[in-house]
Amino acid sequence: MITPDPSLPAPLVTGRLALVPVGRDLARALLADRRAAAELAGGAIHRDFPDTDLAAKLPAFAQRLDDAANPALGRTAPADPAGWGLWLFRYTAERMIVGAASFTGPPNASGEVELGYQIVPAHRRRGLTVEGCSALVAWAFHDSATTAVIADCAEDNTASIRTLQKLGFTHERSARERLHWRLARPS
């Protein structure tokens, strides 16, 4: 049994999901050893996970975590405080990783955090993305520094538009075929 990273937040549990924060070991395993990744994540990894976008970002994410933990680089704390990176969606009914969401880092100087998400095609249209992202948005707002959660999506991505609307985001602007959304901290 692999011991979870004690520096990470505990998984967030919703009605159908456990959201698992990704630390160094899990990030590296997702790149190189799906069996080890499954053990660390507490469930099998769906064959369609990660999608090409997340797969392209994983090496840089894993390297950032490695660099942050390397004392030779003069860093003593993670580049992104625990929880402000990638979270996996473990679908409880199947004990399987079926998606993920991530923050691009902790709140910026304006208190904004950016959220991104993905779910495997076989598990779309079940409300799992809304369920998982809702838990992460609530988690983000527990940090008093967070004033808003922002996101963007392609203007033709109707599923993502519906997800953001269901989460309560407001469309702010459009630029270069992308729609930019914002969810302010609840009063």
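Residues of the stretch 161-183 being free of Cβ contacts under 8 Å to residues at least 24 places away in the same chain, within 12 Å of LEU115 (Cα to Cα) and not in a loop (DSSP other than H, G, I, E, B), which ones? Answer for the stretch 161-183, where residues must be free of Cβ contacts under 8 Å to residues at least 24 places away in the same chain, within 12 Å of LEU115 (Cα to Cα) and not in a loop (DSSP other than H, G, I, E, B): just LEU164. Restricting attention to the stretch 89-125, the residues that are out of contact with any strand residue (DSSP E or B) (no Cβ under 6 Å at 6 or more places or on another chain), without any contact (Cβ under 8 Å) to a residue 60 or more places away in the chain and either crowded, with 17+ Cβ neighbours inside 10 Å or within 18 Å of ILE161 (Cα to Cα) (or both) add up to 3. Of the residues making up the stretch 49-80, just one is at pLDDT below 90 and of a type in the set (Ser, Thr, Tyr), namely THR76.
Scanning the stretch 14-51 for residues that are outside any helix (DSSP H, G or I), farther than 20 Å from ASP66 by Cα and over 14 Å from the mean Cα position of the chain (by Cα) yields THR14, GLY15, ARG16, GLY42, GLY43, ALA44, ILE45, HIS46, ARG47, ASP48.
Regarding TRP84, is this residue closer than 17 Å to PRO11 by Cβ, touching a residue at least 24 places away in the same chain (Cβ under 8 Å) and buried (at least 19 other Cβ atoms within 10 Å of the Cβ)? For TRP84, the condition - closer than 17 Å to PRO11 by Cβ, touching a residue at least 24 places away in the same chain (Cβ under 8 Å) and buried (at least 19 other Cβ atoms within 10 Å of the Cβ) - is met. Criterion first (touching a strand residue (DSSP E or B) at 6+ places or on another chain (Cβ under 6 Å) and either farther than 17 Å from LEU12 by Cα or of a type in the set (Ser, Thr, Tyr) (or both)) does ARG182 satisfy it? Criteria met by ARG182.
The values are calculated or read from the model by the stated rules, or taken from the named source; none is laboratory data. On a predicted model such as this, the values are computed, not experimentally measured, just so you know. Every residue, glycine among them, receives a Cβ derived from its backbone with ideal geometry; neighbour counts consider all protein chains shown.
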